[in-house]
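Working notes for the structure below.
Laboratory data are not the source of any read-out in this text; all were calculated from the coordinates shown. All values derive from a computational prediction rather than experimental measurement. Cβ placement follows ideal geometry from the backbone for every residue including glycine, while neighbour counts extend to all protein chains displayed.
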Amino acid sequence: MEENKITVVQALDERDLLVRKIKGKIQKAQLIDLVRPKAAVTWLKRRSRTAFVTEAQSSLQQIQDLIARYDLLNTAIALSNATTYLETSRGRMTISGAIALRNRLRGRGPFGELTDFEGMLAQQMEKNFRELTELQRKKNEALRREKSAQKKGDSGAEIILLQSAGRMEKEAEALRTEKAGKEKNTELLRIFDPLHTRKMAEEIIERREALLAELETKIKISNATTYVAIGRGGECAFSPIEEDR
């Protein structure tokens, strides 16, 4: 069985070209015509019946051959991806694993953007910070207004009146405690961000982009230097060919 060796890049390029080529031939295919019972030629294409059959069969065979070639390339690429390994910052993985990880990070896997976990986490961190910062601003404005009103209206006259009226000291003490509680509740709120989420969100995105760039580069290099053997004529087996390095 005769085989030819091409790089994965060449196989990918040919496969992509075949998609458009097969689609074009299918759309142009005319495998049926009209004919009058006693006419020597077909009504639409004006071919003899024998010539029309020959052309239709040839057109169908070309399409089927192109589909078979596409399947050969697709199988060879898939096998190569499953048996070729990369060393990455995430550890050793196959090309298939690297492609799956790359697609997940891009939000282009089977679940789309739902698997861009890093992006979602960073967005949630930013959202938390914005929401809590706005809540802090609103609450502190209200607390400032409340504190200002208390200073104007509370001079401690009630305590003095209680004491001068001879009421029990514990009633005065209770009022002092209530007043202290109100003053404590007017303390301004601060952002409590022990994880430094804004900085962490930036780092998460930076690490994701760095990993994407690493995977993209290593996949391209591997595809350009890894060969696949594709049989010609009939069905065949496929096996990646390691380049001498």
Stretched fully, the stretch from ASN4 through TRP43 gains (0.36 nm per residue minus C-alpha distance, one decimal, in nm) 9.6 nm
Quick calc: nm separation of the 7 Å Cα→Cβ label points for ARG190 and SER58 -> 8.6
Residue span LYS139 to MET200: 0.36 nm per residue of separation minus Cα-Cα distance leaves a gain in nm of 19.3 nm
Counting lysine pairs in the range 1-101 that sit 8 or more positions apart or on different chains, with Cα atoms under 30 Å apart, gives 8
In nm, the gap between the two label points placed 7 Å beyond Cα toward Cβ at ILE32 and ASP16 is 3.6
With a Förster distance of 35 angstrom and the Cβ-Cβ distance between ILE221 and LYS23, calculated FRET efficiency to the nearest 0.05 equals 0.70
Between GLU214 and ALA51, the two model label points (7 Å from Cα along the beta-carbon direction) sit apart by a distance in nm of 6.5
